[in-house]
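One structure is given below, encoded as C-alpha cells.
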Amino acid sequence: MRIGVVSDSHGNLYMLDKAISRMGDVDLIIHLGDFYYDILKVNEKYKKAVEYVVGNNEFVMNPIYDRIVVSGGKTIFITHGHKYGVYYGIDRLYFKAQEVQADIVLYGHTHIQSLVREGGMVFLNPGSVSRPRDSKAGYAVIEIDESGDIDVNLLRLDY
C-alpha cells in the first residue's frame, strides 16, 4: 500500500500537481487541509482515491477536522492539527491518537516537515506543498508492506 500525503496547498495547484506527479503510483492521496478542495481539482487528472480534512483557513458548513482512515491494515488518524496545538508539540495529538488507537497520525498546519515515532505510532507532518516554513515545499509517501511495516519518505520540491 502506497499513500501520498500533502498539506497546506493554499490554492497553489501547480505545486500540488508537481508533488502528486512525483509520488509515483500511489493507492491513496491524503490532503491534510488548508484548501482541501485543491486536491479535488488536481485529482481530476490523476483519478486516485482521496481522503481529506478541513484546515483552519477554510470556511465550510459542517467542517470535518478529524477523520479515521483504515488502509493497508493500519488505522490512520488524519487532522489538520490546529485543534491540537501542534505549534507547541504533539502531546495533545498523542493522547488523541491513543484514544482512537491509531497506528499512523497525519497532521499539517505548521508548514514544517516532521517525522516522530512514539509509543508504537508514527506521527507525520509532510510540510507545506506551497508555503514551507522550513527549507523547501514538502510532501510525503508512506509505504505499508505486507508484514505491516511502515516506511515513510519525506520529500521536497523546488519551485
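Values quoted throughout were computed directly from the atomic coordinates according to the rules given, and no laboratory measurement underlies them. Owing to the predicted nature of the structure, the values given are computational and were not obtained by experimental measurement. Don't worry about glycine lacking a Cβ; one is built from the backbone with ideal geometry, like all the others, and counts go over all protein chains shown.
Taking every alpha-carbon pair under 8 Å whose residues sit at least 6 apart, the chain reaches a relative contact order of 24 percent. In the chain the longest region clear of GluC sites (Glu not before Pro) that are loop-assigned by DSSP and have at most 16 other C-beta atoms within 10 Å covers 59-145.
Ordering Thr75, Thr110 from the fewest to the most neighbouring beta carbons within 10 Å gives Thr75, Thr110.
Building the convex hull from the alpha-carbon atoms of the chain and averaging its projection over directions returns 8.5 nm².
State which entries of Lys48/Lys136; Lys47/Lys74; Lys45/Lys96; Lys47/Lys96; Lys41/Lys96 exceed 27 angstrom in Cα-Cα distance in the structure shown. Violating the 27 Å limit, Cα to Cα: Lys45/Lys96; Lys47/Lys96; Lys41/Lys96.
Do any trypsin sites (Lys or Arg not before Pro) in segment 101-158 lie in a loop, going by DSSP, with at most 15 other beta-carbon atoms within 10 Å of their beta carbon, and if so which? In loop regions of segment 101-158 (DSSP not H, G, I, E or B), the sparsely surrounded trypsin sites (Lys or Arg not before Pro) are Arg133, Lys136.
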